[in-house]
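Here is the structure we will look at, set down as structure tokens.
The values are calculated or read from the model by the stated rules, or taken from the named source; none is laboratory data. Because the structure is a prediction, the values reported are computed rather than measured. Don't worry about glycine lacking a Cβ; one is built from the backbone with ideal geometry, like all the others, and counts go over all protein chains shown. Just so you know, the surface numbers come from the protein's heavy atoms only, side chains and all, with ligands and any DNA or RNA stripped out. Shrake-Rupley method; radii C 1.70, N 1.55, O 1.52, S 1.80 Å.
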Amino acid sequence: MGAQIRVYRQKISSTTSMRKIFKAMELIATSRIGKARARVAASLPYANAITRAVSAVASQSEIDHPLVTEPEQIRRAAVLVITSDRGLAGSYSATVLKQAEGLIELLHGEGKEVKTYVMGRKAQAYFDFRNRPFERAWTGNTDAPLFEVAREVGAALLEDFATAYEEGGVDEIHVVYTRFKSMVTQEPTVIRLLPLEVVEEQAASESDLLPLYEFEPETEQVLDALLPRYIESRIFAAMLQAAASELAARQRAMKSAGDNATDLIKKYTRLRNTARQAEITQELSEIVAGADALSAS
């Protein structure tokens with residue numbers, strides 16, 4: 001009986017220690033989510049401004065540019081999957097990976113080859129564990145994205161897009177990430193970056209019409225300069241959305257884990273008290289039985 005009480009004491013002690021860790025991680029995520037949401041909001045003006053500029057060039061000009069022209073046949077696609085570097089965020093990374101798997105299966109069903117790029121150690125471990133190849137991986141800063149990384153990712157994807165199919169290039173580029181909607185809602189999302197699909201992160205009003213532009217120098221040169229920056233801004237915006245979603249998911253997961261730890265501590269405490277009471281009752285019974293035996297003798 002004493003051994004059983006020691007087991008419950010050890011369980012209570014270990015669960016209490018884990019609850020402290022969960023609480024600390026919840027507080028860290030809570031303190032950082034505000035900054036992450038502010039970065040998402042701060043990125044919108046630039047992203048929307050460059051989107052309008054690219055929209056003006058692409059929609060008001062009769063041009064034949066590879067970045068805005070739909071190819072006759074799409075034979076190979078690139079898929080960038082953005083997950084987290086760390087766990088303890090509930091089903092955050094698993095949901096993104098499930099969405100990516102659905103996209104890859106869809107592309108294969110359309111007869112397209114797929115080249116995968118991953119961001120975050122969770123995605124890298126996922127593909128490594130299944131012995132599935134990927135082109136490149138970026139890890140180390142998913143919860144605090146850097147624009148330099150977005151620029152590097154954009155350059156790698158654009159280089160593949162500019163390469164001929166016969167030399168290993170791709171005909172279209174997709175990004176799978178998690179869009180932050182609120183503290184309780186984060187939505188796995190797929191966007192196609194190239195060929196160009198102009199989509200603003202924040203809808204413009206009907207009166208916010210694009211002005212007429214005259215381009216100097218030539219329109220193709222303007223696109224050559226604008227589109228890499230447009231791609232970088234879209235990738236960086238996706239990284240910021242994913243970072244905010246990761247922190248929100250971790251805050252929610254750690255709160256749930258802490259609440260479960262509290263319930264377990266109450267359960268183990270009740271079982272320990274029951275075992276202690278049973279031990280006391282048994283000892284009293286033995287004392288009474290011994291006293292009766294002495295009286296009888």
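Of note:
- Antiparallel content of DSSP bridges confined to the chain, in %, to 5: 35 percent
- Selected from L227, V184, N141, residue furthest toward positive end of dipole (the chain; charges at beta carbon): V184
- 0 to 90° range, to nearest 10: angle between helix 147-162 axis and the chain longest Cα axis: 50 degrees
- Fraction of the pair-distance distribution of the chain above 35 Å, Cα-Cα pairs, percent: 38 percent
- Rounded to the nearest 5, the antiparallel percentage of DSSP beta bridges internal to region 89-193 is 70%.
- Among the listed pairs K35/K115; K20/K266; K11/K255, a Cα-Cα separation exceeding 23 Å is found for K35/K115.
- Solvent exposure of the chain amounts to 54 Å² per residue of accessible area, where only protein heavy atoms count and the probe is 1.4 Å.
- Mean residue ellipticity (222 nm) of the chain, computed from DSSP H runs ≥ 4 via -39,500 (n - 2.57), nearest 500: -22000 deg cm²/dmol
- Portion, in percent, of the accessible area of region 73-125 that falls on carbon or sulfur, probe 1.4 Å: 49 percent
- Mean projected area (nm²) of the alpha-carbon convex hull when region 83-163 is viewed from all directions: 5.9 nm²
- Kirkwood radius for region 1-155, taken over all pairs of different Cα atoms as the inverse mean of 1/r, rounds to 19.8 Å.
- Tilt relative to the chain, helix 2-59 - C-alpha long axis, 0 to 90 degrees, to 10: 10 degrees
- Computed over every Cα-Cα pair of region 229-297 and binned at 10 Å starting from 0, the pair-distance distribution P(r) comes out as 17, 17, 14, 13, 12, 10, 7, 5, 3, 1 percent.
- Distance from the C-alpha centroid of region 130-157 to that of region 214-276: 16 Å, rounded to the whole angstrom.
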